[in-house]
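Just so you know, all these numbers are worked out from the coordinates, no wet-lab data involved. The structure presented is a predicted model; accordingly, all values stated were derived computationally and were not measured. Every residue, glycine among them, receives a Cβ derived from its backbone with ideal geometry; neighbour counts consider all protein chains shown.
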Amino acid sequence: MPELPADAPAPAAAAVASPLLGLPGAVAGTAPAAITTAAHYGDPVAEQRMLSAGRAIVDLSDRGVVTVTGPDRLAWLDSLTSQSLARLEPGVGAETLLLDPNGRLEHSIRVVDDGVTAWLLVDGPQAGPLAAWLDRMRFMMRVEVADASGEWATLGQLLPEGAAPLVTPAAPNGLPLLWRDPWASVQEGGWQYASDAQHPGAEFAAVELLIARERLAAVADARAVAGALALEALRIAAWRPRMSEVDDRSIPHELDWLRSAVHLAKGCYRGRETVAKVHNLGHPPRRLVLLHLDGSDALLPAPGAAIRDGSHEAAAVVGAVTSAARHHELGPIALALVKRALDPAAA
């Protein structure tokens, strides 16, 4: 076998199957990741209904976990990212964004602190680059950063206030590692661009919890499990953005991410000038919208599919699909980024 040149990139590691992918009926997802999880277990609609009712968990073990320890961890994260984290109470879930100097989105980060460690939950491919970037930014701060994705696995659930999670989260420092999604309401210092009085995200009671990765096999034996497609459909119906909606031009305003992940009155952080300027002096050039799809075609549009202002081929392209799913009540739906000037009633 010929040797690789010294500067050649290392071959990609083969994906490892999650233990929950061994359950009967499991069909693997297609998204590239270090860990392969199930898209569904044979009945996506029934799984979605179970998940919506709080009676199932979702295997999110393909997502990543970054830990930050040390006495300066919250003030340091506050200075780098968009949300006010310096006084984050232990056990309270928050969301923050890491922006580039021009205010464009680089990482979305879900944060829960247990009084000793700040746990940063991210989509799987983000974990390594985020940990590496944060490690370079430590300077004289008393913090330590680690990619802990190999030790900890994430599970998802819809969990109304007051209900108990189906799986007991880990508590390595005495406080359960459960992150409650703040998307259900506009957070202090935030702003909502969507004009709907009753935002569909108000009913999206999503949580993520951490367990030791070796516990996944026991979870597979003991709990009702829904596939990733079930959670994706509920997320889209709640207008909830993920990094799958982001391209190289995206700014937080376009995805209504000021609602949950940006504090407009906090101090400096990378990209803050753009956030303030667009919010105070202008309008974001695009906006994330929910599409109700025709449904006569069995195929869902792929991410990147063109959105046209009209049904004929010559109609102007005004945006692109970012994600699509079949909802158990709404039918086929999608999120799309479109030009802000587009009439919301346009077909």
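The value given for the chain is a Kirkwood hydrodynamic radius of 21.2 Å, derived from the mean inverse Cα-Cα separation. Neighbours of Pro284, meaning other residues whose beta-carbon lies under 14 angstrom from its beta-carbon, give a summed charge of +4 when Lys and Arg score +1 and Asp and Glu score -1. Distance between the C-alpha centres of segment 27-102 and segment 272-335: 23 Å, rounded to the whole angstrom. By its C-alpha gyration tensor, with a ≥ b ≥ c as the square roots of the eigenvalues, how is segment 1-160 shaped: rounded for a/c under 1.5, else prolate for a/b larger than b/c, else oblate? Because a/c hits 1.5 or more and a/b fails to exceed b/c, segment 1-160 counts as oblate. Amide H to amide H distances under 5 Å link Ala33 with no residue, where only residues 5 or more positions off or on other chains count and H is placed in the peptide plane. Couplings 3J(HN,Hα) for segment 182-196, derived from phi with the Karplus relation 6.51 cos²θ - 1.76 cosθ + 1.60 (θ = phi - 60°), are x, 4, 5, 8, 5, 7, 3, x, x, 7, 10, 8, 4, 8, 5 Hz, where x marks Gly and Pro.
Here each label is just a point 7 Å from Cα along the line to Cβ, and for Asp309 and Arg55 those points are 4.7 nm apart.
Taking N as the residue count of segment 264-347, its C-alpha radius of gyration divided by 2.2 N^0.38 Å amounts to 1.37. Look at the Cα gyration tensor of segment 83-220: its axes a ≥ b ≥ c give a/c of at least 1.5 with a/b at or below b/c, and that counts as oblate.
How much net charge surrounds Gly91 when only other residues with a Cβ under 10 Å from its Cβ are counted (Lys, Arg +1; Asp, Glu -1)? Combined, the nearby Lys, Arg, Asp and Glu give -2.
From its DSSP helices (H runs of at least four residues, each -39,500 (n - 2.57)), the chain gives a residue-normalised ellipticity at 222 nm of -4500 deg cm²/dmol. Once both labels are positioned 7 Å from their Cα atoms along Cα-to-Cβ, the gap between Glu188 and Asn280 label points is 2.2 nm.
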